[in-house]
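Here is the structure we will look at.
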């Protein structure tokens with residue numbers, strides 16, 4: 001039982017929660033159900049799951065609020081999180097991804113699609129073999145320790161942003177389309193939209209702070225990491241002076 005991935009299902013509609021739980025159990029997962037924000041927090045305090053399925057509309061605090069809180073907490077920030085919601089507009093999907101969700105599924109959805117997305121998120125969050133450290137124009141990434149620094153100052157990146165930066169730094173100066181990044185960084189992207197790349201690039205730039213300009217948008221083509229950005233990257237001491 002222990003090697004079966006644990007999934008916390010945060011859903012206030014019992015019929016939907018039961019349908020999800022039954023399908024999870026039949027496909028090798030260990031589901032736990034929480035019907036609101038308080039019970040979800042109690043479950044997380046007791047034990048961390050391998051993945052969270054989080055409904056947007058909940059009694060009390062919304063799923064969006066919970067996602068932001070859990071991403072800000074060092075204990076829960078690395079847990080893969082998929083948001084479930086009846087809100088299917090692009091602005092809502094972007095809001096969910098910006099809140100820290102790894103993926104976003106609009107209701108109604110098929111159980112096959114849900115299971116495929118769960119497996120895809122778990123695959124891309126799985127530990128990879130560590131490679132050699134990479135340093136480009138003061139920006140350094142160490143896969144073995146999962147640390148990123150700029151001019152010897154530590155930076156905090158989420159798991160997906162770290163993987164995206166690792167790939168971009170490993171092929172610096174090359175332009176990558178959104179489809180290529182989905183394939184290389186996310187792997188199985190059958191159900192992932194290209195808009196997801198834009199959201200994570202935005203989050204990566206924000207996390208890199210002064211070095212964010214090194215991640216360039218190439219109009220009509222995609223993204224690249226360059227050691228000579230069009231916007232100059234000044235030393236940290238000059239920016240803070």
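The values are calculated or read from the model by the stated rules, or taken from the named source; none is laboratory data. Fair warning: this is a prediction, and the values are worked out from it, not measured in the lab. Reconstructed Cβ throughout: ideal geometry from the backbone, glycine too, with neighbour counts over all protein chains shown.
Of all the residues in the range 214-237, those that are in contact with a strand residue (DSSP E or B) (Cβ under 8 Å, 6 or more places away or on another chain) and at pLDDT below 85 number 3.
Among the residues of the range 13-55, those identified as part of a loop (DSSP other than H, G, I, E, B) and either buried (at least 18 other Cβ atoms within 10 Å of the Cβ) or not assigned by TED's automatic domain parsing to the domain that holds residue 108 (or both) are 29, 49. Inside the range 149-178, residues that are in a strand (DSSP E or B) and without any contact (Cβ under 8 Å) to a residue 40 or more places away in the chain make up a count of 2.
Is at least one residue of the range 31-40 in contact with a helix residue (DSSP H, G or I) (Cβ under 9 Å, 6 or more places away or on another chain) and under 14 Å from residue 114 (Cβ atoms)? Taking every residue of the range 31-40 in turn, at least one turns out to be in contact with a helix residue (DSSP H, G or I) (Cβ under 9 Å, 6 or more places away or on another chain) and under 14 Å from residue 114 (Cβ atoms).
Going by what's in this entry, would residue 100 be described as on the phi > 0 side of the Ramachandran plot, touching a strand residue (DSSP E or B) at 6+ places or on another chain (Cβ under 7 Å) and at pLDDT 85 or above? For residue 100, the condition - on the phi > 0 side of the Ramachandran plot, touching a strand residue (DSSP E or B) at 6+ places or on another chain (Cβ under 7 Å) and at pLDDT 85 or above - is not met. Every condition in (1) outside any loop (DSSP other than H, G, I, E, B); (2) at pLDDT below 90 holds for residue 60 except the one numbered (1). Residues considered: 147, 75. Of these, the only one that is farther than 19 Å from residue 13 by Cα, out of contact with any strand residue (DSSP E or B) (no Cβ under 6 Å at 6 or more places or on another chain), surrounded by fewer than 21 Cβ atoms within 10 Å (Cβ to Cβ) and assigned by TED's automatic domain parsing to the domain that holds residue 31 is 75. Filtered by the rule that a residue be free of Cβ contacts under 8 Å to residues at least 24 places away in the same chain and within 26 Å of residue 27 (Cβ to Cβ), the range 63-104 gives 88, 104.
Of all residues in the range 2-25, none that is over 21 Å from residue 79 (Cβ atoms) has its Cβ atom under 7 Å from the Cβ atom of a residue that is in a loop (DSSP other than H, G, I, E, B), 6 or more apart or on another chain.
Only one entry in 216, 193 is surrounded by 14 or more Cβ atoms within 10 Å (Cβ to Cβ), more than 13 Å from the chain's Cα centre (by Cα) and part of a loop (DSSP other than H, G, I, E, B), namely 193. Residues of the range 78-97 that are touching a strand residue (DSSP E or B) at 6+ places or on another chain (Cβ under 7 Å), within 21 Å of residue 163 (Cβ to Cβ) and in a loop (DSSP other than H, G, I, E, B): 79, 80.
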